[in-house]
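We did not get these values from a lab; they are worked out from the coordinates using the rules stated. Since the model is a prediction, treat every value here as computed from it, not as a measurement. Because the Cβ atoms are built from the backbone with ideal geometry, glycine has one as well, and the counts that use them run over all protein chains shown.
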Amino acid sequence: MTKSEFSTRWGFERSEVSLANWREAPWSAWSFRNVSEFVPSARIAAERAETQPAVGDPTGLFQHEIGLSDGTASATGIMAATSTDALVVMRAGTIVAEYNKDPTAMAPHVVFSVSKSITGLLAGVAMDDGCLDPEAPVIRYVPEVQASAFGDATVRHLLDMLVSLDFSEDYLTAEGDYGRYRRAVLWNPVEPGGAAGALLGFLSTLRKGRTPHGETFVYRSPVSDMLAIVVERATGRRYADYASERLWKPLGATEDAFVTVDAVGAPRGAGGVSMTARDLARVGELLRLGGRSPSGTRILSESWVADTVATGGSQRAWRAAGNAWLPDGRYRNQWYQTGYPEKAFAAIGVHGQWLYVDPSTETVIAKLSSQPLPSDDEADRLSLDLLRHLSKAPV
């Protein structure tokens, strides 16, 4: 793409996008599909099977009117309002509707905290393999964090976000611990005269909160990064290699995925994974099928999947956190159980990334977005209304 073609397509020059602004609008509409141009990234290799042609919306699914608390809106209207870049609806394993804002739709798109759920799957594979004990102390695998908040935490505490951590998840600040965190994972520029450090070194500095581990669901991204390092230590494999060999290739993913890494190659398992919407939908289909790929390959045990998306997790710990948006929900192995009657489950990321699975209608929906704000309650409400409607609509 020439310089003029780029500016015509995106409305800005490529030279305007940098490490300092790549997560901000309007640049994010492009940079979210090109994260490896800003942050070092490791390739999660796929088999590169032949992909099917674009599906579009043959049944008019995206033209539906959707009831909201304050009126109605079209599906396409909600998709536009929530800055949707790509959306795939899969029913019983077949893509029945597909939207792509950008003609380069097969470029991998960062999924932010959906990455946590991918890391959870890798932990599940390691648990099934007998490499990882969920009840073991974290320091069995990573003794370097003995003096940190993780020193008396277990792997189960990591998996279910039950770590008591003195850390503020403030996406919009570049100061304090969160600023150090972003610089350690190379997501923000290093301060003048400073050094980026490394992820494990940063994690080793975090202190425990006032309450014991295990009592309350507390969403903190460094917990998932710690889990990714535990998975690497337990399996003796790099995150990207293990993901490729034990998840991506057996799944039948058709495009390479990527994970950002720090200066020494540690993976950003909390938010650094990029993939296409179609391959994200395949992840949802894997869990809908109880741990088997569409071709029948067993990737995860049926018991681990059931525990993750249906039966496991502490509702007491969830409610103690005051999560009113899913009052009957739970969190298990880095996945959300909605508590809805249809037993839907989900993986969710900032800036509007969703993987929503409704087993009652055999529906999987992957939604990739570039919402201007990392956290936007109104956009999330609209997205959830859209996903619930599409999962039930006839096709």
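How would the chain be classified by its alpha-carbon gyration tensor: rounded, prolate or oblate, with rounded meaning a/c under 1.5 and the a/b versus b/c comparison settling the rest? Note, shape of the chain comes out rounded.
Sort VAL231, VAL88 so the one with the fewest other Cβ atoms within 10 Å of its own Cβ comes first.
Details: VAL231 29, VAL88 26.
Least crowded to most crowded, the residues run VAL88, VAL231.
Within the same chain, lysines fewer than 8 places from LYS392 are excluded, and of the rest, those with a Cα less than 23 Å from its Cα are LYS343, LYS367. Across segment 317-325, coupling constants 3J(HN,Hα) worked out from phi with the 6.51/-1.76/1.60 Karplus curve, θ = phi - 60°, read 5, 5, 5, 4, 7, x, 7, 5, 5 Hz, and Gly and Pro carry x. Note on the chain: with a GNM built from Cα contacts shorter than 10 Å, the maximum mean-square fluctuation among HIS213, HIS64, HIS109 falls on HIS64. Were the residues from ASP328 through SER360 laid out at 0.36 nm apart, the gain over their Cα-Cα distance would be 9.8 nm. By the count of neighbouring beta-carbon atoms within 10 Å, fewest first, ARG282, ARG246 end up ordered ARG246, ARG282. The 3J(HN,Hα) values that the Karplus relation (6.51, -1.76, 1.60; θ = phi - 60°) gives for segment 353-365 are, in residue order, 9, 9, 10, 10, 10, 10, x, 5, 10, 6, 10, 10, 10 Hz. Gly and Pro appear as x.
I need the shape label for segment 244-395. Rule: rounded when a/c is under 1.5, else prolate if a/b > b/c, else oblate, with a, b, c from the alpha carbon gyration tensor. Judged from the Cα gyration tensor, segment 244-395 comes out rounded (a/c under 1.5).
Between ALA81 and ALA320, the FRET efficiency from the beta-carbon distance, with R0 = 30 Å, is close to 0.35. Calculated [222 nm] ellipticity per residue, helices only, for the chain: -8000 deg cm²/dmol; basis is -39500 (n - 2.57) per DSSP H run with n ≥ 4, divided by all residues, nearest 500.
For segment 123-263, the gyration tensor built on C-alpha atoms gives an oblate shape. Its axis ratio a/c (a ≥ b ≥ c) is at least 1.5, and a/b is not larger than b/c. Bridgeable lysines around LYS208 (alpha carbons under 29 Å apart, same-chain partners fewer than 8 residues away excluded): LYS116.
Of the trypsin sites (Lys or Arg not before Pro) found in segment 22-74, the ones in coil according to DSSP and having at most 13 other Cβ atoms within 10 Å of their Cβ are ARG48. By the rule of a C-alpha distance below 14 Å, with chain neighbours fewer than 8 residues away ignored, the aspartates and glutamates paired with LYS101 are ASP57, ASP85. Centre-to-centre separation between the Cα atoms of segment 60-128 and those of segment 210-254: 22 Å. Arranged from fewest to most other beta-carbon atoms within 10 Å of their beta carbon, ASP166, ASP133 become ASP166, ASP133.
A simple spin-label model places the labels of GLU16 and THR94 4.3 nm from each other, with each point 7 Å out along Cα-to-Cβ.
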